[in-house]
Amino acid sequence: MIASISGDVLAVDGDSLVVQVGGVGLQVFVPQFLAKQTAAGQTIFLHTCLIVREESLTLYGFEDAEQKEFFLLFLGVNGIGPRTALSAVSALSPDVVRRAVWDEQADVFARIPGVGKKGAQKILLHLQGKVGQAVGVGEIGHTNIDVEIIDALTGLGYSVIEAQSALQWIPKDTAEDLEERLRIALSYFAR
């Protein structure tokens with residue numbers, strides 16, 4: 001198993017990076033937001049997961065161990081392959097996943113490209129008891145601001161992946177004010 005890699009990015013190709021490690025260029029598939037914010041020549045460290053199939057060896061990489069953990073959780077769902085699991089990690093942050101599981105909102109998982117209503121329900125059932133509790137979940141009067149922001153951005157015509165990228169653009173210390181967070185998310189597209 002290749003647990004992690006560190007090296008220089010030789011090329012960015014859509015949803016993958018070519019990372020030079022010890023003189024060898026490894027193609028690593030990464031979440032879309034990571035591919036968009038990475039440039040050739042940059043040094044990068046990735047937590048990785050090697051998927052072995054009869055016809056290929058495919059390497060998937062993540063910024064942190066939590067993203068990798070969620071990738072493996074999605075991969076454990078019957079009928080979800082590595083590409084769909086990677087789309088899930090690209091489209092939904094770990095906190096959004098935790099909130100969706102806690103609030104039993106299967107429709108959040110239906111936003112993942114390639115996942116329908118039945119698949120979303122399978123994901124919800126599989127993740128229950130495995131993802132922990134999101135910060136702020138269970139408090140009286142709690143609203144899921146991140147999900148509302150994604151809904152608003154997708155309602156404006158942005159894809160779920162673009163909306164998730166904008167959501168991750170919001171600084172972590174930003175107040176839990178929907179309008180303020182939405183304004184910052186929209187500024188992501190204006191840059």
Residue that is farthest from the chain's Cα centre (by Cα) [pool: residues in the range 14-32 that are free of Cβ contacts under 8 Å to residues at least 12 places away in the same chain and not in a loop (DSSP other than H, G, I, E, B)]: V24
E55 modelled with pLDDT of 90 or more, surrounded by fewer than 16 Cβ atoms within 10 Å (Cβ to Cβ) and touching a helix residue (DSSP H, G or I) at 6+ places or on another chain (Cβ under 8 Å): no
Hey, Q27 among the polar types (S, T, N, Q) and at pLDDT 95 or above or not: yes
Close pairs (6 angstrom Cβ cut-off, 6 or more residues apart or separate chains): among the small types (G, A, S) in the range 43-63, crowded, with 17+ Cβ neighbours inside 10 Å anywhere: G61/V28; G61/V30; G61/L46; G61/T48
Any chance F74 is on the phi < 0 side of the Ramachandran plot and either surrounded by 20 or more Cβ atoms within 10 Å (Cβ to Cβ) or in contact with an Asp or Glu (Cβ under 6 Å, 6 or more places away or on another chain) (or both): yes
Residue in the range 77-88 that is part of a helix (DSSP H, G or I), under 12 Å from the mean Cα position of the chain (by Cα) and either under 22 Å from I170 (Cβ atoms) or free of Cβ contacts under 8 Å to residues at least 12 places away in the same chain (or both) present: yes
Residues satisfying the stated conditions in the range 89-116, i.e. in a loop (DSSP other than H, G, I, E, B), more than 16 Å from E148 (Cβ to Cβ) and within 15 Å of the chain's Cα centre (by Cα): A110, I112, P113, G114, V115
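The values are calculated or read from the model by the stated rules, or taken from the named source; none is laboratory data. Please read these numbers as outputs of a predicted model, since none were measured by experiment. FYI the Cβ positions are ideal-geometry reconstructions off the backbone, even for glycines, and counts take in every protein chain you see.
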